1. Restricting the search to the stretch 187-215, which residues are without any contact (Cβ under 8 Å) to a residue 12 or more places away in the chain and among the charged types (D, E, K, R)?
2. Please find, among 617, 608, 625, the residue that is at positive phi and touching a Ser or Thr at 6+ places or on another chain (Cβ under 6 Å).
3. When the residues of the stretch 418-433 are narrowed to those that are assigned to a helix (DSSP H, G or I) and either touching a His at 6+ places or on another chain (Cβ under 6 Å) or not hydrophobic (A, V, I, L, M, F, W, C) (or both), which ends up surrounded by the fewest Cβ atoms within 10 Å (Cβ to Cβ)?
4. Of these, 460, 509, which one is modelled with pLDDT of 95 or more, closer than 18 Å to residue 325 by Cα and out of contact with any His (no Cβ under 6 Å at 6 or more places or on another chain)?
5. Would you call residue 221 in contact (Cβ under 8 Å) with a residue 60 or more places away in the chain, surrounded by fewer than 16 Cβ atoms within 10 Å (Cβ to Cβ), among the polar types (S, T, N, Q) and not assigned by TED's automatic domain parsing to the domain that holds residue 487?
6. So in the stretch 297-331, with the set limited to residues that are under 22 Å from residue 458 (Cβ atoms) and among the charged types (D, E, K, R), which one is modelled with the lowest pLDDT?
7. If residue 610 meets every condition in (1) surrounded by fewer than 14 Cβ atoms within 10 Å (Cβ to Cβ); (2) touching a Cys at 6+ places or on another chain (Cβ under 9 Å); (3) closer than 28 Å to residue 364 by Cα; (4) in contact (Cβ under 8 Å) with a residue 12 or more places away in the chain apart from one, which number is that one?
Amino acid sequence: MSARSRSRWLPPMTPPSMTDHRPRRALGVCYYPEHWPESIWADDARRMIEAGLEWVRIGEFAWSRLEPEPDALDFDWLDRAIDLLGSAGLKVVLGTPTATPPRWMLMKHPDMLAVDAKGRQRGFGSRRHYCFSHQGYRAESRRITELLARRYDSNPHIAAWQTDNEYGCHDTTISYSNAARTAFRDWLGQRYQSVDALNRAWGNVFWSMDYRSFDEIDLPNLTVTEPNPAHAMAFRRFASDMVRDFNAEQVRIIRRFSDAPVAHNYMGRVTDFDHFDVGNDLDIASWDSYPLGFLEDRVGDDAAHQRAYARQGDPDFQAFHHDLYRAVGRGRWWVMEQQPGPVNWAPVNPAPLPGMCKLWALEAFAHGAETVCFFRWRQAPFAQEQMHAGLLRPDSADAPAMAEIAEVVAALKALPEGGPEDAPVALIFDYASEWAWQVQPQGAAFSYFRLVFETYRAVRKLGLDVDILPLGAKPRGHRVVLAPGVFHASPEQIAMLTASGAVCLFGPRFNSKTEEFTIPVPLPPAVPGLSCTVTHVETFRADLPRPVAGGGAVRHWLEAIESDERVLEQTEDGASVVVGEGTISYLAGWPDEEAFDRILRTLCARAGIDTVSLPEGVRIRRIAGQQAVFNYSAEHRMFEGRTLPPASVLWPGKT
């Protein structure tokens, strides 16, 4: 087994001397030799090297060219491409092509397609047209993976692997197909062992929903009104496990033949499966960063914020995912696809402000990325992504991002080696909590992801770094731990947080359900050492916030609590918002920006952490004993006596 670095909260698999050595920072690009005449491959490789690129990802969409007919294999062109790129000096990331099964595959397995919640079968003609539960397609996936792994097991140019592509993209994790129904029933049988145990766990006596056998249980869609939340939650856990198992099958095969590290490229704000579970089988976590595409598509702020950052992206969205995937990868992570210009899939598709491609890349490195790969080398003149920019135009002339690549290459040569410093603040992120609050939001405006992201943003605005931890991870040296919105936490998980010595802030909605989606007794949050009980909750309209006495307001969600603890924040009409002192406090509502700022400053002061007030759009990250400063604003900003131009980076000696 190849050596893999581990996080601080998991025991290392290898001695410290092995895990301390990290690959140096590098740039790469995504390339599709099957899209271009073989006569230009050599020139493309030469230009990549001249541009300072070191990595090239290929192959992840090439199944129809590798196997144009069932069992009629044509790997010769891929052999030549790998040899040419590698001989030029590039390290190759080879992707398994399972995100794009060829058309003949559907003739062989016509029921392999996913089905949406309305019972409509997905179709051929784009990508990700498979159901994770379909055993026939799973066998095909294993077969093509083994063919690739066997052929390139000792190829010196294959320096890493990528499994599939962007699990969950285009809403493709959750499928209501016949294959999913069969697999779900088997999953339930293994989890509950008896249908009587399932009936008790789910509370199926309600509305006469009792089952006599697992074969009677259907998928939780097309019900007259909402399904039993325990049923829906079990299905979400099952769907996540299918992704994990699909990925693990490919990884096991690759590792039988290759010692090169294995990665997967996750997405931004795709939470349909547990990335920590998938990441446990991988060496490297990577993600595909599209700051402008995500701004309107996934960040979801108001119109004024969208206008202010229309050509830069949100100042915290990329950083949040950098820190999330650093945790998923246990310290090893990449950006596998970095936006180089306008994309083609967002509601609007502006060009980045000059300097932003450089800023995005250097920001990723400041958060510990080993490699940043740009998508893609040359803009395609055909098919769905022909309006998506590349590093080259369709006529092979340099696109605007190429000049910024040169600046990044020059900057990397001068920057000191070393990773991000341990952050003073830890933030818990739990995928099961995201599923739970999608199943039972209790208010249209409640979003677990949004609550966690706004918590992260509020900490970053104080000039602080953040480590994201999965639920169950042990804080090490963190002075503040934030656990907003966690669906369910075991006594052991709670004790791990409270015993860490950190100042802990739990809530809102912390530990408010059992693992089987029932209200627990004693009532939440049930944190030892905290005299606080949530008696009921209310949600309210976005245009009816509850003003807080010290300034700001509570939005969307507020819990009524009984508590003997000191009241630290309350609404103007006397409802408690934050209670507790010492090392444990509870947050009973969702604060707006002003209230959150004050609450977190108070918490940090209690933990002995100094905070600052950063100018609008300015963020910092501490790495290798230095402080990197990023100006996401389209305006000049002043910071510590220095003028920061728009879309600029201040890293000691580099601007």
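1. 196, 200, 210
2. Step by step, each of 617, 608, 625 is checked, and only 617 is at positive phi and touching a Ser or Thr at 6+ places or on another chain (Cβ under 6 Å).
3. Ranking the qualifying residues of the stretch 418-433, first place goes to 431.
4. 460
5. Considered against the rule, which asks whether it is in contact (Cβ under 8 Å) with a residue 60 or more places away in the chain, surrounded by fewer than 16 Cβ atoms within 10 Å (Cβ to Cβ), among the polar types (S, T, N, Q) and not assigned by TED's automatic domain parsing to the domain that holds residue 487, residue 221 comes out as yes.
6. That would be 301.
7. With (1) surrounded by fewer than 14 Cβ atoms within 10 Å (Cβ to Cβ); (2) touching a Cys at 6+ places or on another chain (Cβ under 9 Å); (3) closer than 28 Å to residue 364 by Cα; (4) in contact (Cβ under 8 Å) with a residue 12 or more places away in the chain applied to residue 610, the lone miss is (4).
Let's see how each residue does on (1) in contact with a Gly (Cβ under 9 Å, 6 or more places away or on another chain); (2) over 15 Å from residue 458 (Cα atoms); (3) of a type in the set (Lys, Arg); (4) in the same structural domain as residue 319 (by TED's automatic domain parsing):
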{"residue": "551", "(1), (2), (3), (4)": "no, yes, no, no"}
{"residue": "558", "(1), (2), (3), (4)": "yes, yes, no, no"}
{"residue": "564", "(1), (2), (3), (4)": "no, yes, no, no"}
{"residue": "579", "(1), (2), (3), (4)": "no, yes, no, no"}
{"residue": "602", "(1), (2), (3), (4)": "no, no, no, no"}
{"residue": "613", "(1), (2), (3), (4)": "yes, no, no, no"}
{"residue": "622", "(1), (2), (3), (4)": "no, yes, yes, no"}
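The values are calculated or read from the model by the stated rules, or taken from the named source; none is laboratory data. Note that the coordinates shown come from a computational prediction; the quantities given were computed from them, not determined experimentally. Every residue, glycine among them, receives a Cβ derived from its backbone with ideal geometry; neighbour counts consider all protein chains shown.
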